[in-house]
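The structure under discussion appears below in the form of structure tokens.
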Amino acid sequence: MKLRRKVYMTAGYNTISLGTGRKEFNPKKERPGLEHYLKEAGQGTLTQIGGADNVDEGVVGNFMASRFNKQAHLGAFMPMIDAKLMYKPSIRTEGACASGGLALISGIKSILAETAEVVLSVGVEVQNTQKAIYGADVLAGAGWFQKRKDGHAYFFPGQFSDRAGAYYEKYGKDYTRKGLAKWFANAMDNARLCDTAQEHHNTHPNPIELGMMEPNGKVFTDHLNVFDCSKVSDGASAIAIMSEDGLKRCGIAKKDAVEVIGLGHAVGDITEDPKDLTRLDTIEKAIQLAFESAGITKDDLATIEVHDCFTIAGILATEALGFAERGKGAQFVADGNTARDGKIPINTTGGLIGWGHPTGATGVHQAVTIWEQLTGRAGKAQIEIPANRPYGMTINMGGDDKTVVAIVYKQGE
Amino acid sequence: MDYINKLEKVSVLGAAGKMGSGILLLTAVEMADQALKSENKDKSFTLNAIDVSNDALGGLMRYLKVQVQKLAEKKMVALRGMYADRNDLIENGEIIDQYVLDVMTYVRPTTALEAAYNSTLVFEAVSENKDLKNKLLSQIDKNSSNKPWFLTNTSSVPIHELEKGADLKGRIVGFHFYNPPAVQKLVELIVTDATAADLKDFAMTYAKNLRKIIVPSNDFAGFIGNGHFMRDALHGIHTVEKLAKENSFVEAVYMVNKVSQDYLVRPMGIFQLIDYVGVDVVKFIMNVMNPYLKDEDLHSDLLDKYFELGVKGGQFSSGAQKDGFLKYEKGRVSGIYDPDKKDYVAVADIQEACDKKLGDLPKSCVAWKSIIGKKDRSKEFTALFGDLKNMDTLGAKLAMEYGARSNAIGKKLVADNVAHSEADVNTVMLTGFFHAYGPINEYFV
């Protein structure tokens, strides 16, 4: 898709990602609910853009508040964030863990359609309302329900365990596990530098050793251990999506925003099993669409946020992006190429495994991280953005490679 | 021995008690797990939960539901396999609900002892009273045509006395769980000279299915666990009585409790442990054991006094600790009982002075919590007890005496042929009492 109008994102805000690992998390104590997260993130962005008066419409990305919190109809929470949003249009988007990415797409399309100049996009999920074993039932809704009966107790870890198992079989288990462990270690390194990250307080002296722990199918999955998985998280992220007029209205300089250079949005058939477990075909398609839309290649990228709900998904994404040949992704990662000082730094604030995975917020969180990195706001987690490859990219996935939103960004100029 | 047949009709006596409820839970879950196997689909299982208190039985059913649900959540991977043929059960939550229902369906709460007459297996977990146990076992056996097997959870009564008293002729075995049975891994297994081989096999299989660690003990009052604990507790009480000559009584209790916890690196001090088990229970167990001991007097006037004063410890049904020797607030020790004033003295009022009298702990001291997760702890303990040996403080002296006494008690259990080996004594204290090192060691010589 060629963008017929310039679209920007700015004024990103992340709440903390709350869950096991954060010092303030206590499973036995009452915790903030959806309302708190929506308010904190929404207001965090509004204060940076001169208030809610400047906003034309709102969009809330959320996956399963209907079950995690017994709450649907999230679009109508916008006026609760700020009374000045009363009677303005607002919708909620859902595409499993790509719900946040769809909230971005929705905002971008409103700008392109010239029906709005400023869109407030908030992603939210509050998942610690139930134990992980029941949460697994809720999250399984991202897959085809007809397959649930035959699925694993922890449905999605089971799906990606199958992918890891297929990769082990094809390319070697020890070889692969080294790549997975390195992915986990990178996530910890980066999360420690970001004070909203769920693993910010992580102090384990040897994450590689944790990552190498042998999976145990009797209590969890056959091919993945718990460190291969993103955790259960509560959190929200918000960002403002604007046209050039919108930036002017809010008094924001282009350099303080990122421009959306290209996007790719694709879905696969949720009722079909993957043709090849060692490939992420829909992700590959969305990346291709985004590159075509942006007119760039992978070699123009300074940093990427990929959807590492599981370490194996991270490895497969490096192959889908073309950084490594099939079967060489594990090596590419194990060699440190995706670390913050590597060839192509990926998930510089920890990604889903390190920063956290409040499912409906994740797509928005990825955009906030890229905005921070490209405009020099990432604090301790800041990496250097080379002048000759100034682009950033987010890849947000829903389900097992079923809904994918890929976006290419560049600092505004 | 047909394990499943024996497991089909079971009764638990004292089912609503501290030990009985745990035994009931484990047995109900084991029944369900067996019943869900395809080869057992035609079997029917019954588990009578027999207790004297109707109210307590209500509490038992609530406890069971909560506990079964927790267990189910932990074994979800296996449960999905066990319910694979139930197409109506799709989500984890649905399977867990069904499992809880299935387990609960086997349990029949009742105050009628007659329910046990039809059982093929009877677990006895009533209070530590030999005559009561004899009466119940004998009544069931006389009224049953099944020749039932009896598993007694007694922690102190010699099994052969129950065998003789109820005329069971080899149909009883000691199967002593530790508190709480659902959590503690240890079971002491005690057979008599007459115990049927089939019954022993059953007990071994049952323990294995429950994932318990079995330590065989000889059939001597108190067995290994209480054989050590009762003498160890008495040492603590005697030390208090000695210290109380130069200190106030509550100060003495504070100091001995602290030494037995912090200096000896145990999960709790000796008076906290007595409270946990129950002052009354400790007294009963000593009373049961004492007549069998030739060269020692296992008895404490102090315990009798507390019992008469109604200071008994033990736990509320919620699991919270009741006040005994010590007072507890939010799980922490906040006061110490003064039997003269018949009231508790705040720990905060005496702590500083007592700690000063005990002297500083050596730098090599480790917290029980921080070392229990380590596999090899010998280096740390060699350093700590080596330091204590060379220190001239009251705390160090009391600790070395305590450790040496514990060592002597352990060795005597082997010498008296209560335990088969020193290793068995250590296993009981390590797994049943969560000690960080076995009583039989080289640290205190």
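Quick one: net charge around B:Asn290, please, counting Lys, Arg +1 and Asp, Glu -1 for every other residue with C-beta under 10 Å from its C-beta. Computed value for this residue: -2.
Of the trypsin sites (Lys or Arg not before Pro) found in the stretch A:146-226, those in coil by DSSP whose Cβ has at most 16 other Cβ atoms within 10 Å are A:Arg148, A:Lys149, A:Lys218. Pairwise alpha-carbon distances in the stretch B:225-432 exceed 29 Å for 25% of all pairs.
Legend: mean number of C-beta atoms from other chains within 10 angstrom of residue C-beta atoms, peptide B:82-94, equals 4. At an R0 of 41 angstrom, the distance between the Cβ atoms of A:Ala83 and A:Gln382 translates into a FRET efficiency of 0.70. On the beta carbon distance between B:Ser127 and B:Ala244, with R0 = 30 Å, the FRET formula returns roughly 0.45.
Checking the table B:Lys356/B:Lys397; A:Lys149/A:Lys170; A:Lys131/B:Lys322; A:Lys131/B:Lys65; B:Lys135/B:Lys169; A:Lys131/B:Lys37 against a 19 Å threshold on Cα-Cα, which pairs fail?
On the way: B:Lys356/B:Lys397 14 Å; A:Lys149/A:Lys170 28 Å; A:Lys131/B:Lys322 31 Å; A:Lys131/B:Lys65 17 Å; B:Lys135/B:Lys169 16 Å; A:Lys131/B:Lys37 28 Å.
Table pairs above 19 Å Cα-Cα are A:Lys149/A:Lys170; A:Lys131/B:Lys322; A:Lys131/B:Lys37.
Counting other Cβ atoms within 10 Å as a rough exposure proxy, the listed residues B:Ser127, B:Ser119, B:Ser44 run B:Ser44, B:Ser127, B:Ser119 from fewest neighbours to most. Ordering B:Arg231, A:Arg31, A:Arg279 by the number of other Cβ atoms within 10 Å of each residue's own Cβ, fewest first, gives A:Arg31, A:Arg279, B:Arg231.
For the pair B:Asp355 and B:Arg62 in one chain, pulling the backbone fully straight at 0.36 nm per residue adds 101.1 nm over the alpha carbon distance.
At full extension, B:Asn209 and B:Asp88 could sit 40.7 nm farther apart than now, given 0.36 nm per residue minus the alpha carbon distance. For a straight C-alpha distance cut-off of 26 angstrom, the lysines reachable from B:Lys294 (same-chain residues fewer than eight places away being disregarded) are B:Lys130, B:Lys133, B:Lys164, B:Lys242, B:Lys283, B:Lys305, B:Lys411, B:Lys412. Positive end of the dipole of the stretch B:3-216 (Cβ unit charges, origin at the Cα centre): among B:Leu24, B:Met104, B:Pro216, the Cα lying farthest that way belongs to B:Pro216.
Taken along the Cα-to-beta-carbon direction at a fixed 7 Å, the label points for A:Glu35 and A:Glu214 span 5.1 nm.
Given an 8 Å cut-off on Cα distances and at least 6 residues of separation, report the relative contact order of the stretch A:55-213 as a percent. It would help to have the intermediate numbers written out before the result.
Working: 202 pairs, mean separation 31.2, N = 159.
Reported as a whole number, the value is 20 percent.
The chymotrypsin sites (Phe, Trp or Tyr not before Pro) found in the stretch B:10-89 include none that occupy coil by DSSP while having at most 10 further C-beta atoms within 10 Å.
Using the Karplus relation 6.51 cos²θ - 1.76 cosθ + 1.60 with θ = phi - 60°, the per-residue 3J(HN,Hα) values for the stretch B:246-261 come to 10, 9, 6, 4, 5, 4, 4, 5, 4, 5, 5, 4, 5, 4, 6, 9 Hz, with x marking Gly and Pro. If you take all other residues with their beta carbon under 13 Å from the beta carbon of A:Gln198, and give Lys and Arg +1 and Asp and Glu -1, the sum is -1. Taking only the C-alpha atoms of chain A, the Rg (one decimal) and the largest Cα-Cα distance, Dmax (whole number), read 19.5, 58 Å.
Considering Cα pairs under 8 angstrom that are at least six residues apart, work out the relative contact order of chain B and quote it in whole percent. Walk me through the numbers before you get to the answer.
On the way: 751 pairs, mean separation 56.3, N = 445.
Computed value for chain B: 13 percent relative contact order.
Find, among the trypsin sites (Lys or Arg not before Pro) in the stretch B:72-116, those assigned to loop by DSSP (not H, G, I, E, B) with at most 13 other beta-carbon atoms within 10 angstrom. List each step's numbers first, then the result.
Details: sites: B:Lys74, B:Lys75, B:Arg80, B:Arg86; in loops: B:Lys75, B:Arg86.
Hits after loop and neighbour filter: B:Arg86.
Quick check: net charge around A:Thr362, other residues with Cβ under 11 Å of its Cβ, Lys/Arg +1 and Asp/Glu -1?
-3
Just so you know, the Cα atoms of the protein assembly as shown work out to an Rg and Dmax of 32.9, 100 Å. In the stretch B:42-56, whose amide N lies under 17 Å from the spot 7 Å out along Cα-to-Cβ of B:Thr111? List them in ranges. B:49-56, by backbone N distance to the label point. Amide H contacts of A:Glu305 (H built 1.01 Å from N, in plane; Pro and chain starts excluded): A:Asn347, A:Met393, A:Thr394, A:Ile395 sit under 5 Å, all sequence-distant by 5 or more or on other chains. Which of A:Ile105, B:Leu326, A:Ala153 sits closest to the plus end of the dipole of the protein assembly as shown, meaning its Cα is farthest towards the positive end, when Lys and Arg get +1 and Asp and Glu get -1 on the C-beta? The residue sitting farthest along the positive end of the dipole is A:Ile105.
Length available on full extension from B:Lys164 to B:Asp198: 0.36 nm per residue minus the Cα-Cα distance, which gives 10.3 nm.
Shown for A:Asp245, B:Asp88, B:Asp262: other C-beta atoms within 10 Å of each C-beta, ranked fewest to most, produce the order B:Asp88, A:Asp245, B:Asp262.
For Cα pairs less than 8 Å apart in space and 6+ apart in sequence, what is the mean separation divided by the residue count of chain A, i.e. the relative contact order in percent?
Working: 1021 pairs, mean separation 109.7, N = 413.
Worked out over chain A, it gives 27 percent.
Computed 3J(HN,Hα) for the stretch A:205-216, one whole-Hz value per residue from the Karplus formula 6.51 cos²θ - 1.76 cosθ + 1.60 where θ = phi - 60°, is x, 9, x, 4, 4, 4, x, 7, 3, 5, x, 10, glycine and proline marked x. Modelled label positions at B:Arg332 and B:Glu442, each set 7 Å beyond Cα in the direction of Cβ, lie 4.0 nm from each other.
Quote the FRET efficiency, to the nearest 0.05, computed for B:Cys365 versus B:Ser421 with a Förster distance R0 of 30 Å and r equal to the Cβ-Cβ distance. Write down the numbers at each step before the final one.
Details: r = 30 Å, r/R0 = 1.02.
E between B:Cys365 and B:Ser421, to the nearest 0.05, is 0.50.
Each reported figure results from applying straightforward, stated rules to the coordinates on display, with no laboratory input. It should be emphasised that the depicted structure is a prediction, and the values quoted were computed from it without experimental measurement. Methodologically, a virtual Cβ is constructed for each residue, glycine included, from the backbone with ideal geometry; neighbour enumeration extends over all protein chains shown.
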